Structure formats: structure tokens, C-alpha cells
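Worksheet: the structure to be examined is printed underneath.
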Amino acid sequence: MIATAPVTQDVLTLPRRLPAAERINLVGMTRAQLAAALVAAGTPEKQARMRTAQLWQWLYQKGVRDFALMTNLAKPYRALLAARFTIDVPQVVRRQVSADGTRKYLLRVAGGHEVETVYIPDADRGTLCVSSQVGCTLTCSFCHTGTQRLVRNLTAAEIVGQIMVARDDLGEWPAPGRVAKDETRLISNIVLMGMGEPLYNFEAVRDAMKIAMDHEGISLSRRRITLSTSGIVPEIARTGTEIGCMLAVSFHATTDEVRDRLVPINRKWNIAALLDALRGYPNLSNSERITFEYVMLDGINDSDEDARRLVRLIAGIPAKINLIPFNEWPGAPYRRSPEARIRSFADIVYKAGYASPIRTPRGEDIMAACGQLKSDSARAPNARRVVP
Ligand code: SAH
Ligand code: SF4
């Protein structure tokens, strides 16, 4: 395609086409990084802003991966871009579809590592559950991902790339010029609840979510993006100021003794420290509440007394309590609380004035439910999976 570009003065003065490994991936760059990269490649400074906006629209609104198709750019400029840059997203190595419509993607990223992304369709929304790390440094005792060490952080490109490949699979690149309203989109919500602790990869998560929110990027409202943390207290305030998304916290226990065992980061930042940070989260109101995630573990954290303690602890924080029936995985040391127990717990929380939905496990048949994600690269970092 590029060979057919007319030979103009611009093309003749082009630097040689860089080898693939030296070309720079444009996906995941902030606007400022992209503008600087374009200028370094020879774009006149005065045009950098406009070119950045045009490229973002091609990448994130139209899903185009080939510079030759970017028809509002002059052909010699497209050739220049192709000589210097790439448009790389993670490679889908396996796609599984659950009986309930949940889709799980196994993605390969640089270094041969693998992560998982899950798409959860619901009547009123479609949620994409995005990973932030390969593995996790933390060791929550009920979490499958947590049984493995951290392999590495994902880059911003690999994080926003998860949204892009899911849109490829769902066929959700809108017709030119038409940005669908949030609520009618197949991917209407994003949750950072996949593999990894997003606040231990803050910059990459922030840059990726900025693209997800930008009106020339994926263009989702910040209120449709929820970041879940196990409680990395020093990063909570800037999650609000620098990203501005909704916050969920993996609370899971009402005493430090139990939380120390379930979420060991509690030994560093305990319940009181965590609640202090949550009380300071910007923009909290009845319409912007913190989600408290609470996994229901039989006989561990699921008593009526726990429910009452929970509502006392969070008093004054605009909150909703998301009760997650424990999802089992091979070798898990816990059992799911019985349904009646979960309902009794939910009832106490509800009567205290908090929404207390019980999360329906989704995609259990393909191990896609909360806490079940674990890729082969987390199990054996250098192992290669045979693609079925
Ligand atoms: N690392 C972040 C985000 C990923 S986990 C965090 O911990 O918040 C997403 C949610 O699933 C968390 O609330 C986590 O505690 C919960 N979870 C982990 N393992 C689970 C399991 N086996 N069953 C149910 N929920 C689980
Ligand atoms: Fe990591 Fe979250 Fe799992 Fe804890 S629950 S091990 S922080 S992914």
C-alpha cells in the first residue's frame, strides 16, 4: 500500500523505514507523548495538536490499525507514520464464550506473557473487566491470581489495547462520525478488576484510562469506569484527582485480625487507615459512591455480627456494598457462604441504608468469574501455551 504513494519531495526526504523492532507503538501514548513523537518524526510543531487528535480518532474511535487507511492524512504523511511507528495491540490467543454469554480472552503481550480480559454482557450494560498486571505482587488468600507472583506491570498500550481487542471481537467500531451513547454501547462500562493491583501500576493505568475517557479516544464517561484496589492507601487520593474514576475497594473483613489474613496488605495499611483515605476521596456523593467489595467466605467473614460491624465502620461514607459469593478455584482454602447466609448479611446492610447487591457469578464454566483469573505465564513465566 505504501509503495503506491506518489513519489513527492516529502517521500524522497523521508528517513529510511525503520525495522519493525525500532518502530514505536502509538497505542497508549498520552496526547503529549504522541504530539512529541510526531514532532520528533518530522511533523511541524504547529500541526502536532491536530495530527494527535486525528490519530486518536483513527485508533480509538474507528479501530483502524493501518496507516494507509487514514484517509484524512496526506499520503506522504501516512508513509512517514508507517516508516516510524506501529499500531500494536495484544494478540488474542484464545477466546472462550460461557453458556451465560460471558467472554474470556487470553491475550499475549510482549515477552510472551499472557493476561486475561473478561467481557460480561448484562441487560442494561456490557462490562469489560481489564487486567493491570501479569500476576500480582499481593497474596490475598482467597484469590487465584494472588497465588502467583508478579511477572510484570502492563504498559498503558497493553491496558487500553484490551479494550481495543474486545471491541474488535464484538464488532464495536462505530460507523464514521458516530460516537454511540455510553448506555447503548456493547462495552458501556470498564472495571479494573482483572489480574493485578491497579494502584501498583498507577501511571500506566492512569494513562490508559485517560484515553478511555477522552472524547477523541474511547470516549466513555469517567463514571462508567471503576478501579478496584485492595487498599493501597497512599495512591487513593490521586486516583481521584488524576484519574477521576469511580473507586471500589476490596474490603472483605471487619476486623484487622481477619483482614490481615484475607488481604495481607492490611498489615501495612489497616482498616482505620483505609477508611480515612476513603473518606477523603474526591467528589463523593450519593451519586458517586464507593463500592465496598465483600467476598462471602463460609464461616470466616459472613456473620450477622460482621454485617453490623461493617455498617458501623463505613458510617458517613457514601457507599454501596457489593457482596461477592466466593468463586472456587482448584485448591482454594475457602468455601462459598450458603445462600441464606449471604441474604441475611445483605439484609442487615440494606436495612442500614446501603444498597447491597449480591453479585451473580458470571462465566464460572470458563473460569472467568471474580478471582478465578490466572494465566499460564503467571504459573510458569516462560512457558508457552499451545494454542488450541
Ligand atoms: N487487585 C484488585 C482488583 C482485582 S480483584 C483488588 O484486589 O481489588 C477483583 C475483585 O474480586 C476483588 O474484590 C477481589 O477481592 C475479588 N476476588 C478475588 N478472588 C475472588 C474469589 N475467588 N471469589 C470472589 N471474589 C474474588
Ligand atoms: Fe492481587 Fe486483587 Fe487478587 Fe489481592 S484480590 S491477590 S490484590 S488481584
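Local charge sum around Glu45 (other residues, Cβ-Cβ under 15 Å, Lys/Arg +1, Asp/Glu -1)?
Details: positive: Arg31, Lys46, Arg49, Arg51; negative: none.
Cβ neighbours under 15 Å give a net charge of +4.
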*Evaluate the distance, in nm, between pseudo-label points positioned 7 Å from the Cα of Asp122 and of Met50 along their respective Cα→Cβ axes.*
4.3 nm
_Gain in span if fully extended, Asp100 to Leu69, counting 0.36 nm per residue against the direct Cα distance_ = 7.5 nm
*Which of rounded, prolate, oblate describes the chain, given a ≥ b ≥ c as roots of the alpha-carbon gyration tensor eigenvalues and a/c under 1.5 marking rounded, otherwise prolate only if a/b is larger than b/c?*
prolate
*Fully extended contour minus Cα-Cα distance, from Ala237 to Thr139, at 0.36 nm per residue*: 32.9 nm
_Leading residue at positive end of dipole, the chain (Cβ point charges), from Ile265, Phe85, Val249_ = Phe85
_the range 37-51 and the range 126-147: distance between their alpha carbon centers, rounded to Å_ = 39 Å
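Would you mind classifying the range 11-86 by shape? Square roots of the alpha carbon gyration tensor eigenvalues, ordered a ≥ b ≥ c; an a/c under 1.5 is rounded, otherwise it is prolate if a/b is larger than b/c and oblate if not.
Rounded.
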*Convert each backbone phi in the range 254-271 into a coupling constant with the Karplus relation 6.51 cos²θ - 1.76 cosθ + 1.60 (shift: θ = phi - 60°), then list the ³J(HN,Hα) values in order as whole Hz, x for Gly and Pro.*
10, 10, 4, 4, 6, 5, 4, 7, 7, 10, x, 4, 4, 5, 8, 10, 7, 4
*Local net charge near Gly101, Cβ-Cβ under 10 Å (Lys/Arg +1, Asp/Glu -1)*: 0
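Give me the percent of DSSP beta bridges within the chain that run antiparallel, rounded to the nearest 5. Each step should come with its number before you reach the end.
On the way: 20 of 44 bridges.
So the antiparallel bridges amount to about 45 percent of the total.
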*Going highest first, how would you order 207-213, 276-282, 187-193 by mean Cβ packing within 10 Å?*
207-213, 187-193, 276-282
*Where only protein heavy atoms count, and the probe is 1.4 Å, what is the accessible area per residue for the chain in Å²?*
43 Å²
*Pairs of lysines 8 or more apart, or on different chains, with alpha carbons under 20 Å: count those in the chain, would you?*
7
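Could you compute the net charge surrounding Val64? Neighbours are other residues with a C-beta less than 13 Å from the C-beta of Val64; K and R count +1, D and E count -1. Walk me through the numbers before you get to the answer.
On the way: positive: Lys62, Arg65, Arg78, Arg167; negative: Asp66, Asp168.
It works out to a net charge of +2.
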*Paramagnetic reach from Asn270 in the range 219-262 [backbone N under 13 Å; point 7 Å along Cα→Cβ]*: 255-261
*asked:* Run the simple label-point estimate for Ser221 and Ala340 please: 7 Å along Cα→C-beta, distance reported in nm.
replied: 4.1 nm
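For the range 86-171, with only Lys/Arg (+1) and Asp/Glu (-1) charged at the beta-carbon, what is the dipole magnitude about the Cα centre, in debye rounded to 20? All intermediate terms of the calculation are to be shown ahead of the outcome.
Values: 9 positive and 9 negative charges, 46 e Å.
In total the dipole reaches around 220 debye.
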*Residues with amide H under 5 Å from that of Ile290, placed H, sequence gap 5 or more*: Ala319, Lys320
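The values are calculated or read from the model by the stated rules, or taken from the named source; none is laboratory data. Note that this is a predicted model, so its numbers are computed, not measured. No Cβ is skipped: glycine too gets one built from the backbone with ideal geometry, and neighbour counts run over all protein chains shown. Side chains included, ligands, DNA and RNA excluded: accessible areas come from the protein's heavy atoms. Shrake-Rupley method; radii C 1.70, N 1.55, O 1.52, S 1.80 Å.
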